[in-house]
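The values are calculated or read from the model by the stated rules, or taken from the named source; none is laboratory data. Quick caveat, the model's predicted, so the values are computed rather than measured. Note: ideal-geometry Cβ built from the backbone for every residue, glycine included; neighbour counts use all protein chains shown.
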């Protein structure tokens with residue numbers, strides 16, 4: 001199992017979508033130098049004095065007589081030293097893994113089979129059946145009809161169908177991560193191709209032009225009760241789901257039979273949605289952290305630096321995760337405050353991993369506030385009335401004291417659960433982690449970290465298995 005997972009890891013740090021390959025060696029070499037302890041700082045692709053000095057030290061340690069030039073030979077050697085002697089058939093490029101730092105993936109690759117199966121699950125038979133069922137249906141072309149509160153999903157055609165497709169896809173993607181299961185890889189690729197070839201959801205209203213939101217055409221919350229029809233909710237729902245499918249695809253599937261022409265169709269389809277995204281400007285919670293995540297993965301494909309974007313995200317977190325652990329416009333959402341706080345924690349924890357992936361160190365003061373935010377979630381989950389002092393603000397919400405619209409079983413949250421496992425990995429000695437792990441204990445055949453429709457694959461299973469390992 002070790003060699004199987006290590007083989008996956010090698011593919012994962014090297015998989016490249018069919019975009020320009022220029023200027024990517026520097027990014028990958030900087031990331032590997034950081035992972036090996038040669039501190040080059042942020043991964044920005046600018047191979048300056050600090051990066052050159054680090055590469056020279058690495059060459060010296062390996063008794064290599066070579067200049068500090070970021071070339072393919074250096075990259076091959078760095079990967080060999082970092083991973084051991086099992087390196088082969090490497091693709092030498094910066095890639096679509098914009099979230100998980102290399103040290104976490106190496107820890108995951110060294111986890112034993114029992115830990116991996118426990119965290120990531122075994123055969124996803126139910127999800128295979130659901131994906132096969134989808135292949136028997138006509139391709140869905142659009143979503144229309146959401147209101148601003150989004151409490152009418154049951155009456156919005158194709159909304160539940162899209163939700164379930166992304167969830168079931170995420171489970172198959174996890175099987176590819178954890179088991180190198182080619183049956184699941186083929187089924188997941190087949191399903192994506194079926195939708196891509198049929199232009200699924202491309203008839204949904206487009207609320208942006210050249211990255212600018214048309215807020216006259218696409219409105220929300222024009223009625224205080226949120227029952228107004230909202231084109232921006234239709235647009236945003238489809239965009240986010242497509243982003244999550246793309247994250248899962250590029251993380252797990254784009255290396256599978258790379259010469260298969262279906263990949264080009266799928267990538268072209270995804271690009272159509274990337275072009276419809278709102279350009280990130282000011283960071284805020286929601287919409288994959290204010291549309292920053294999609295821009296960061298796009299930058300990776302194109303060999304561009306995301307350092308300025310990551311800095312903006314970290315600054316926003318420092319300003320909008322408050323000293324008491326509450327989260328701006330999340331913890332104050334009335335009877336949905338617990339759900340929005342949970343969603344905020346998802347974005348916080350994943351954004352911190354994105355920052356680490358790009359070579360940033362997380363400020364200690366920010367980490368303290370985030371630990372408090374985790375504590376608020378646990379206390380409020382156990383006692384909804386604990387949220388009253390924040391929830392009563394009722395930001396875009398209805399408030400009834402002591403009531404929260406949230407599940408009573410953390411082990412059965414299919415969306416946004418990844419943050420639980422990232423938190424536990426990063427803060428293993430925290431009382432919050434102890435409470436989280438206790439609440440997440442479940443039946444042996446149920447692996448809650450094995451799927452997450454809000455990221456497109458079981459991101460949590462990587463961190464859970466890394467912790468177990």
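How about segment 428-469: which of its residues are farther than 19 Å from residue 343 by Cα, assigned to a loop (DSSP other than H, G, I, E, B) and modelled with pLDDT of 90 or more?
Matches in segment 428-469: 428, 429, 430.
Are there any pairs with C-beta distances below 7 angstrom linking a residue in segment 265-282 that is on the phi > 0 side of the Ramachandran plot and touching a residue at least 60 places away in the same chain (Cβ under 8 Å) to a residue that is in a loop (DSSP other than H, G, I, E, B) and surrounded by 12 or more Cβ atoms within 10 Å (Cβ to Cβ), with the two at least 6 apart or on different chains, and if so which?
Final answer for the pair search is none.
Scan the helices (runs of 4 or more DSSP H) fully inside segment 79-138 and keep the ones with 3 or more residues being exposed (fewer than 13 other Cβ atoms within 10 Å of the Cβ) and modelled with pLDDT of 85 or more. Write out each step before concluding.
On the way: elements: 102-109, 113-120, 125-135.
Because the criterion is at least 3 residues that are exposed (fewer than 13 other Cβ atoms within 10 Å of the Cβ) and modelled with pLDDT of 85 or more, the helices (runs of 4 or more DSSP H) in segment 79-138 that meet it are 125-135.
Quick one: is residue 264 closer than 21 Å to residue 27 by Cβ and out of contact with any strand residue (DSSP E or B) (no Cβ under 7 Å at 6 or more places or on another chain)? It would help to see each step written out before you state the result.
Values: closer than 21 Å to residue 27 by Cβ: no; out of contact with any strand residue (DSSP E or B) (no Cβ under 7 Å at 6 or more places or on another chain): yes.
Answer is no for this residue.
May I ask you to verify whether residue 15 is within 23 Å of the chain's Cα centre (by Cα), closer than 28 Å to residue 248 by Cα, buried (at least 16 other Cβ atoms within 10 Å of the Cβ) and at pLDDT 90 or above? Show your work before the answer.
Details: within 23 Å of the chain's Cα centre (by Cα): yes; closer than 28 Å to residue 248 by Cα: yes; buried (at least 16 other Cβ atoms within 10 Å of the Cβ): yes; at pLDDT 90 or above: no.
Criteria not met by residue 15.
Kindly provide the set of residues from segment 138-164 that are within 18 Å of residue 415 (Cα to Cα), touching a residue at least 40 places away in the same chain (Cβ under 8 Å) and touching a helix residue (DSSP H, G or I) at 6+ places or on another chain (Cβ under 8 Å), ordered by number.
Scanning segment 138-164 gives 150, 159, 162, 163.
Would you mention how many residues in segment 395-418 are on the phi > 0 side of the Ramachandran plot and buried (at least 16 other Cβ atoms within 10 Å of the Cβ)? Before the answer, list the steps.
Taking segment 395-418 and keeping what is on the phi > 0 side of the Ramachandran plot, we get 396, 402, 416.
Applying the additional criterion that residues be buried (at least 16 other Cβ atoms within 10 Å of the Cβ) yields 396, 416.
Selection size over segment 395-418: 2.
Here is a yes/no grid of residues against (1) in a helix (DSSP H, G or I); (2) touching a residue at least 60 places away in the same chain (Cβ under 8 Å); (3) out of contact with any helix residue (DSSP H, G or I) (no Cβ under 8 Å at 6 or more places or on another chain); (4) more than 25 Å from residue 368 (Cα to Cα):
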site	(1), (2), (3), (4)
289	yes, yes, no, no
295	yes, no, no, yes
308	yes, no, yes, no
311	yes, no, yes, no
317	yes, no, no, no
323	no, no, no, no
341	yes, no, no, no
